[in-house]
Amino acid sequence: MTTTYSDPPSSTSVSQIAATRSGETRTAWSADVVEEHEGYWTVQDLETGIFGSGPDLSAAREDFQRALQEHFEVLSAQEALTPELNAQLVYLRQRLSD
C-alpha cells in the first residue's frame, strides 16, 4: 500500500475552512489522502472520513466526489444536527462550492 497526500480539488495543498461550532469559529485543515492498494485506489477526506475507491485513481476520485456530495445532501436534509455534524455541513458546503 502506498499513501500520499493529495491536493484537494480546489488545487491548493490544504484548504482552510471556517466552521461554526457551538457559537465558536474553528478552522479545519484538510488534505485528501490517496492510497494505492493491490488492484484499487482510495481517496479519503481527513476532516469527514468520507472516502471513495476505484480500480484507478480517476475512478477513485469520481467515487470520492460522489460520496462527498451524497453526505452533504443527507446532512442538508436534516432538521437538526449535532454540533459536529453541523461543522461537517459547513465544511462540505464550502468545499463543494470551490
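Nothing in this text is a laboratory measurement; each read-out follows from the coordinates by a stated rule. Please read all numbers here as calculations on a predicted model, not as lab measurements.
On a full-extension model of 0.36 nm per residue, what is the gain between SER58 and GLU38, subtracting their alpha-carbon distance, rounded to one decimal in nm?
5.6 nm
Rg(Cα) of the range 31-98 divided by 2.2 N^0.38 Å?
So the range 31-98 has a normalised radius of gyration of 1.18.
Determine the gain in length on full extension of the stretch LEU96-ARG66; use 0.36 nm per residue of separation and subtract their C-alpha separation, reporting nm with one decimal.
9.7 nm
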